[in-house]
1. Being of a type in the set (A, V, I, L, M) and either touching a Leu at 6+ places or on another chain (Cβ under 7 Å) or under 13 Å from Arg65 (Cβ atoms) (or both) is the filter here, so list the residues in region 133-168 that pass it.
2. State whether one or more residues within region 153-160 are among the hydroxyl-bearing types (Ser, Thr, Tyr), surrounded by 18 or more Cβ atoms within 10 Å (Cβ to Cβ), over 22 Å from Gly75 (Cβ atoms) and under 14 Å from the mean Cα position of the chain (by Cα).
3. Restricting the search to region 61-87, which residues are assigned to a loop (DSSP other than H, G, I, E, B) and basic (Lys, Arg)?
4. From the set of residues in region 163-183 that are among the small types (Gly, Ala, Ser) and open to solvent by 30 Å² or more (accessible area, probe 1.4 Å), which is nearest to Leu151 (Cα to Cα)?
5. What are the residue pairs meeting all of these: first residue in region 11-32, first residue farther than 10 Å from Ile91 by Cα and without any contact (Cβ under 8 Å) to a residue 60 or more places away in the chain, second residue of a type in the set (Ser, Thr, Tyr) and outside any helix (DSSP H, G or I), Cβ atoms under 6 Å, and 6 or more apart or on different chains?
6. Tell me which residues, restricted to region 111-140, are open to solvent by less than 50 Å² (accessible area, probe 1.4 Å), of a type in the set (A, V, I, L, M, F, W, C), under 16 Å from Phe17 (Cα atoms) and at pLDDT 95 or above.
7. Go through (1) surrounded by fewer than 17 Cβ atoms within 10 Å (Cβ to Cβ); (2) assigned to a helix (DSSP H, G or I); (3) out of contact with any Asp or Glu (no Cβ under 8 Å at 6 or more places or on another chain) one by one and return the number of the condition Asn90 breaks.
8. Go through (1) of a type in the set (A, V, I, L, M, F, W, C); (2) touching a residue at least 40 places away in the same chain (Cβ under 8 Å); (3) under 24 Å from Leu11 (Cβ atoms) one by one and return the number of the condition Ala118 breaks.
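The values are calculated or read from the model by the stated rules, or taken from the named source; none is laboratory data. It should be emphasised that the depicted structure is a prediction, and the values quoted were computed from it without experimental measurement. All Cβ positions, even for glycine, are placed from backbone atoms using ideal geometry, and neighbour counts span all protein chains on display. Heads up: the accessible areas ignore ligands, DNA and RNA and are worked out on the full protein's heavy atoms, side chains in. Shrake-Rupley method; radii C 1.70, N 1.55, O 1.52, S 1.80 Å.
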Amino acid sequence: MSRAYFIRQWLIFCLLFFVCLIVFFGSLKIFFVQDDFILLSQFSSGTIYEDIANTFGRATVTHWRPIHNLYFLLGGNLFGANFRLYHLLNIFILATCGFFVYKIISNLVKNEYAAIMASMLFITNPSHFVSVYWISGASTILGFLFFSISLYFYLERKTFISTLLFFASLLAAEAYFAAFLLFPFLDFVKSKK
């Protein structure tokens, strides 16, 4: 792949991030709310050994979502109580999800304009409000991040990495179990071309 291709991909990602930042800029003013306090204290307020045990061990205060818990372990240790950095991370994750929507649609329809428009519709959808404004709601976009990358690799016929990423999506948000049906659907769509 050429240097021009990578520059174009980078520019598309930057466009998606910039649009996410504009749409969800208000989240940067929102302090921690509700479950944020509980999850931060559960996964990033003890010793590193306690926090790791809480992250991957038996669920005591929340669902067993190790990837989501890891988000709080890393975030709590990197960002402390700086809520703006959590929101920026959520915006970055959403933009990355949008980028993989772009990659998937590009692969399916072979129309870059349609792929960019689909990713713009995805990232500006108001349903992402909770995932960006409420830090504890990040499990949804974390799950979709792994799921969308899994779909991308599936379309590229890299099934092993696709399978690993699909299981990672389940470890972030169990709701992605139902999304498994998209894999045979994509095979059906690709076979009709």
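1. Within region 133-168, Ala138, Ile141, Leu142, Ile149, Leu151, Leu155, Ala168 meet the criteria.
2. No, because not a single residue in region 153-160 is among the hydroxyl-bearing types (Ser, Thr, Tyr), surrounded by 18 or more Cβ atoms within 10 Å (Cβ to Cβ), over 22 Å from Gly75 (Cβ atoms) and under 14 Å from the mean Cα position of the chain (by Cα).
3. Hit for region 61-87 is Arg65, nothing else.
4. This residue is Ala178.
5. none
6. The answer is Ala115, Ile116, Ala118, Met120, Phe122, Ile123.
7. Condition (1) is where Asn90 drops out.
8. Condition (2) is where Ala118 drops out.
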